[in-house]
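What follows is a short report on a single structure.
Any read-out appearing in this document is the output of simple, stated calculations on the displayed coordinates, not a laboratory observation. Please read all numbers here as calculations on a predicted model, not as lab measurements. Cβ atoms come from the backbone with ideal geometry, glycine included; neighbour counts cover every protein chain shown.
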C-alpha cells in the first residue's frame, strides 16, 4: 500500500534528548520513548547503562495523547520517570510483550501492536482518524529470531491520515531490510524519526551495531524517500558512539544534508 504523504509545511518535532521526541499530528500529541530521569547508572543484565546528560525538562511537555513506546525493557527507552508518565497518558502503543507487561498498571490504556497491525485514533482536529501501524524493528544484527531472545521485541510505527503526511518512527532498529519492507508499503514518507547513535556493546553480538549508525540512518532516509529525517537516540547516554557531528557528516556524504532536521529543542 502506498503512503499518503502530503507535501505540506513541516510540523515541528521537539526533541528532549535520548529517544524522546514530541510532535502533533491530526491534533493529537505523540511522544516517543519517554526518558526524563536525571543522569544516573542503571543495572541491566550483563552490565550497566549510564545516562550522562539530563533530558530537557519534563515540565515543558504539556498534554500527551499517545506514547509510541518502541520497547519497555531498556531504561534508555523507558526509565522510571517515563513509567510514571504512562499512568497519566490515555494510550500507550508498544510491542505485544510490552503490552502484556504494562497491562497490570495501565489496563486498557496500553496496547501491543504486532507487525502491520493498525489502530485507528480519533483526531482532535476534526479530520476523522489517524491510523497508527506497528512495523518491524530488529534490535541488533541478523535474523529477528536470533536477536529478540537477547535484546527483546521492538516495534516501529507508521502514522497516516487523510490529508496528513506519512510519518515513520523507527524505534531501536538496526535492520535496513526492515526499513525496505516498510518503504514498500508506505513510501515515500514525509518525516522519518530515526533512532541512531550507533550503540555497541562488546558483550552483545561481538560488538556489532544494535541500532543504526549515522551512515545507515542516511541510507534509511534514502530508502524511505523521506522528505525529512529527524534523528533521535544519539545523545545523553554513554553507550552511543556517534552523535550530531557524525549524523551531519553522513547525511552530507549521502547528498541528503537538506533533509536532515535535528529537531526543535524542547
Residue-averaged [θ]222 nm for the chain, counting only DSSP H segments that reach four residues, each worth -39500 (n - 2.57): -6500 deg cm²/dmol
Exposure proxy ranking, count of Cβ atoms within 10 Å, fewest first, for 51, 222: 222, 51
Estimated distance in nm for a label pair at residue 206 and residue 109, the labels positioned 7 Å out from Cα along Cα-to-Cβ: 4.6 nm
Cα→Cβ-extended label distance, 7 Å offset, between residue 63 and residue 40, nm: 3.1 nm
Residues residue 180 and residue 80, FRET efficiency given R0 of 35 Å [Cβ-Cβ distance, rounded to 0.05]: 0.45
Linear extension gain, residue 162 paired with residue 87, 0.36 nm per residue minus alpha-carbon span: 24.0 nm
Relative exposure of 186, 201, judged by other C-beta atoms within 10 Å (fewest first): 201, 186
Burial ordering of 214, 170, 202, 175, fewest other beta-carbon atoms within 10 Å first: 202, 175, 214, 170
Where the Cα pairs of segment 89-215 fall when distances are cut into 10 Å bins, in %: 13, 39, 33, 13, 2, 0
Cα centroid of segment 134-174 to Cα centroid of segment 25-94, whole Å: 17 Å
Normalised contact order of the chain, rounded percent, pairs of Cα under 8 Å and 6 or more residues apart: 20 percent
Cα-only Debye scattering, the chain: base-10 log of I(q)/I(0) at q = 0.07, 0.15, 0.16 Å⁻¹: -0.21, -1.07, -1.25
